[in-house]
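Since every read-out is calculated from the coordinates, none of them should be taken as a lab result. If you're wondering where the values come from, they're calculated on a predicted model, not measured in any experiment. Backbone-built Cβ (ideal geometry, glycine too); neighbour counts: all protein chains shown.
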Amino acid sequence: MTEVRPFLLRITLVWLVLELLAATQAVTPEGERVAWRWARAALQPLALATSGIGSAVADLVGAVRDGGQLLVDNRRMAVAIEELRMRNALFREDLAALREGSELLESVGRLETATVIGRCVFRDPIRGRMEVRVATRVTIPKDTPVLGAGGLAGRVVETRGGSVWVQLLTHPAAATAVQTSNGSLQALATGTGRPDRVDIQYVPRAADLLQGEAFVTSGADGIYPAGIPVASVVSIRESAGAFLEVHAAPAVEFARLRAVLLLPDIVKGPRPGGWR
Amino acid sequence: MTAPLLIAATLLLQRLLGAPGGPHWSGLVLLPAIWVVGPMLLGGGRRWVWIAVAIGLGWDVLLEPIIGPGAIAWSAAAVCLLWLASIVADRSPKAWLGFGAVAAAIVILVHRLALLPLGLPRPVRWIDLALSVAVTALWCGLVGWIRSLNLPKRWRARRARTLR
């Protein structure tokens, strides 16, 4: 059996060779050699496959390139969307600031001087400072009082073109002459470096002061007009010295300030009629 | 050296049998079939398959327009007869007749099959096929019968009697 197989294989190969020999002699009705037609028929699928593979590879390369371009475009669009979101948030903030400023203007409508509205662009309540951008060509002088929603925010300490730097009431070096609402007690509000606290100093031990008592500017410092709300008493303690230890919360919430009013031309000092 | 000469002579005679003017049946007999049938029945072995290829090539050169299909057909017949001889024990003239018929049928059909892929279909007329198978079988059976007579032995016996 093992000898039969090689023999049959050999004779089959001989038959194939003889058939090919015949094909080289035979001619089709179109005048073409049969062997040539066979060769073409055998190679045609290979050529088609090669062409198909080439086309598939080209498509794949194109798809990869398009995919990469899509990814790049997607990334660019994501960045653009993020930028638009940020702008939207800024616009919302600006709108809220404008509303706040408008309300602030309405609340101090009885001011006889021109007021300038400012937009808070940088707040640092911890260090007690704030940058305010103003849309006016008038130079804002130093020590201009700055009002926020609720009361006094601080004073201008530096002017740079269209923006000013404000020293807040909570600045450690800030000191504001204050008095109680009825004017029975004069004191000095000094900054503590904490955004939620000012100290009321020089309150005599015998003073009649309650928790929640409001302090307004007295105008004695020559910087602020009288009658602007400054702070309200949070705690009162007796100390070893001649004065009480009074802590107060500022009337303005500095961390949420969006818009402020600057009063460059206001008459400073004590005012008989008060603030409002 | 004798066998190739006899094969060549057989092929030439086949060519003459198919010449115009002869009877119809003379062109249908496959004389070289005896060189396929005989060796297989006498135990010639596979060597004769390759000789059948050569016979087929000679057939193609002398009788066909294309060289190749004839060689395939004659070697295919040799392969089949080789296998047939391995399973048939009979070596009588009847076996020669039957082997001749098988050889003729295979040669004709395989030749037609080999022509098909070349786009040269040659239709098989079954009456011609049957006639060809019959006369080729008779030719091989005749040779087998003559061989069974063992004429040389009889000739030698007769001469011996005459000399006595």
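Observations
- Within the listed set A:ILE81, A:ILE200, A:ILE11, the Gaussian network model of chain A (springs between alpha-carbon atoms below 10 Å) gives the highest mean-square fluctuation for A:ILE11.
- Region A:209-222 - phi-based ³J(HN,Hα) in whole Hz, Karplus 6.51/-1.76/1.60, Gly and Pro as x: 10, 10, 5, x, 5, 8, 10, 10, 5, 9, x, 6, 7, x
- Summed side-chain charge close to A:ARG237 - residues other than A:ARG237 whose Cβ falls under 15 Å, Lys, Arg +1, Asp, Glu -1: -2
- Candidates B:VAL110, B:VAL61, B:VAL102, ranked by Gaussian network fluctuation over chain B, Cα under 10 Å, top entry: B:VAL61
- In percent, rounded to a whole number, the relative contact order of region A:114-270 is 27, using alpha-carbon pairs under 8 Å and six or more apart.
- Using the Karplus relation 6.51 cos²θ - 1.76 cosθ + 1.60 with θ = phi - 60°, the per-residue 3J(HN,Hα) values for region A:63-71 come to 5, 5, 5, 4, x, x, 5, 4, 4 Hz, with x marking Gly and Pro.
- Whole-angstrom gap from region A:127-170 to region A:1-55, using each part's C-alpha centre: 97
- For the protein assembly as shown, a simple Cβ point-charge model (Lys and Arg +1, Asp and Glu -1, everything else neutral) yields a dipole of about 4320 debye relative to the Cα centre.
- Under the Karplus curve 6.51 cos²θ - 1.76 cosθ + 1.60, θ = phi - 60°, whole-Hz ³J(HN,Hα) for region B:4-11, x wherever Gly or Pro sits: x, 5, 5, 4, 4, 5, 4, 5
- Most positive-pole-ward Cα, B:ALA89, B:ALA130, B:ALA71, against dipole of chain B from beta carbon charges: B:ALA89
- Shielding by partners - mean other protein chain Cβ count within 10 Å, residues of B:68-75: 5
- Estimated [θ] at 222 nm from DSSP helical runs (n ≥ 4, -39500 (n - 2.57)) normalised by residues in chain A, nearest 500: -13000 deg cm²/dmol
- Candidates A:GLY67, A:GLY219, A:GLY128: whichever shows maximal mean-square fluctuation once chain A is modelled as a Gaussian network with Cα springs under 10 Å: A:GLY67
- Residue (of B:TRP139, B:GLY119, B:ILE55) at the positive-pole extreme of chain B, dipole from beta-carbon charges: B:TRP139
- Whole-Å distance, taken between Cα centres, linking region A:67-104 and region B:41-68: 94
- Computed over region A:30-107, the range of Cα coordinates on each principal axis works out to 107, 20, 8 Å, biggest value leading.
- Residue among A:VAL252, A:THR144, A:ILE223 farthest towards the positive dipole end of region A:137-257, charges placed on Cβ: A:THR144
- Sequence-separation-based contact order of chain A, relative, with Cα cut under 8 Å and 6+ spacing, percent: 17
- Rounded to the nearest 20 debye, the dipole magnitude of region A:30-107 is 740 debye, with +1 charges on Lys and Arg beta carbons, -1 on Asp and Glu beta carbons, and the Cα centre as origin.
- Average partner coverage of A:25-32, which counts Cβ from other chains inside 10 Å: 3
- Close amide H partners of A:ASP143, meaning residues 5 or more places away or on another chain with modelled amide H under 5 Å apart, are A:VAL156, A:VAL157.
- Averaged over the residues of peptide B:78-89, the number of Cβ atoms from other protein chains lying within 10 Å of each residue's Cβ is 1.
- Amide proton proximity set for A:LEU185, modelled H, under 5 Å, gap of 5+: A:THR180
- In a reduced charge model with +1 at each Lys and Arg Cβ and -1 at each Asp and Glu Cβ, region A:114-270 shows a dipole moment near 640 debye about its Cα centre.
- Of all DSSP beta bridges in region A:154-276, antiparallel share, percent nearest 5: 95
- For the protein assembly as shown, average projected area of the Cα convex hull in nm²: 52.1
- Distant-in-sequence amide contacts of A:ILE228, defined by a placed amide H-H separation under 5 Å and a gap of 5 or more residues or a different chain, comprise A:THR217.
- Centroid-to-centroid separation of region A:221-237 and region B:79-103 [C-alpha atoms, Å]: 136
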